[in-house]
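Notes follow once the structure below has been shown.
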Amino acid sequence: MITILDYGLGNIGSLKNMFKRINQHVNITSKPSEIIQSNKLVIPGVGSFDAAMDSINNICGLREALDFKALNHKIPILGICLGMQLLTNKSEEGDLEGLKWIPGEVKKFPQTSKFKIPHMGWNEVKTNNSNTKITKNIEKGTRYYFVHSYYVKVYNKENSFLKTKYNILFDSGIHKENLYGVQFHPEKSHKYGMNILKNFSEIEC
């Protein structure tokens, strides 16, 4: 079963509807007991880094359940937007540590007159690693919908499988073993985002 983590910050309804369109039943929960039973996990997120980590850390047993499923049980996990940023070590947006599952950090876009912050709208992604399961059948030049003021910079280049340019080139897709993250919103990216979620749902547990 695919579980969507509900910790108070995320487009839960939109994600549920998109999974429904690809005939995938999802469970929405913040209960550690249900996280432990999950075969796949999606971590959504809209908002600030510290607020998200504070919510996760303050739900009794949740952080431990997430770490166990990610690092010990190694189920497929997908972080979306802020959810992807939480997979890293830290963020310039706040003071709290991230989940630290994929080595990297979150940085604020440089302010310029030409490039408005937040980065909002459709933008192209470039695939670095065609063997990544989540990008199966992704066409060259595919565009996805972004809304974010901070971007991820992974420490190890092999953990980046998608790149996007908005003033600077940043990591828009990150991956390590069973862990995946995308900066864009697949639930708002029509058939292109649907394909990402379909690929994720088909990864063998």
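The values are calculated or read from the model by the stated rules, or taken from the named source; none is laboratory data. Nothing here was measured: the structure is a model prediction, and the numbers come from that model. Using ideal geometry, Cβ is built from the backbone for each residue, glycine included, and neighbour counts are taken over all protein chains shown.
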| Yes or no: Asp54 surrounded by fewer than 17 Cβ atoms within 10 Å (Cβ to Cβ), over 14 Å from the mean Cα position of the chain (by Cα) and either of a type in the set (A, V, I, L, M) or not in a loop (DSSP other than H, G, I, E, B) (or both)? | yes
| task | Please find, among Leu71, Leu41, the residue that is surrounded by 19 or more Cβ atoms within 10 Å (Cβ to Cβ) and either under 26 Å from Phe19 (Cβ atoms) or hydrophobic (A, V, I, L, M, F, W, C) (or both). | result | Leu41
| query | Would a scan of segment 156-171 turn up a residue that is in a strand (DSSP E or B), of a type outside the set (D, E, K, R), touching a residue at least 24 places away in the same chain (Cβ under 8 Å) and touching a helix residue (DSSP H, G or I) at 6+ places or on another chain (Cβ under 6 Å)? | reply | no
| request: Could you identify the single residue in Asn27, Asn17, Asn58, Asn39 that is touching a Cys at 6+ places or on another chain (Cβ under 8 Å) and among the polar types (S, T, N, Q)? | output: Asn39
| query | With respect to the numbered conditions (1) surrounded by fewer than 19 Cβ atoms within 10 Å (Cβ to Cβ); (2) modelled with pLDDT of 95 or more; (3) in contact with an Asp or Glu (Cβ under 6 Å, 6 or more places away or on another chain); (4) not aliphatic (A, V, I, L, M), which one is the sole condition not fulfilled by Ser33? | reply | (3)
| For Asn137, which of the numbered conditions (1) touching a strand residue (DSSP E or B) at 6+ places or on another chain (Cβ under 8 Å); (2) on the phi > 0 side of the Ramachandran plot; (3) not small (Gly, Ala, Ser) fails to hold? | (1)
| Which one of these is assigned to a helix (DSSP H, G or I) and either of a type in the set (Val, Ile, Thr) or on the phi > 0 side of the Ramachandran plot (or both): Ile196, Ile174? | Ile196
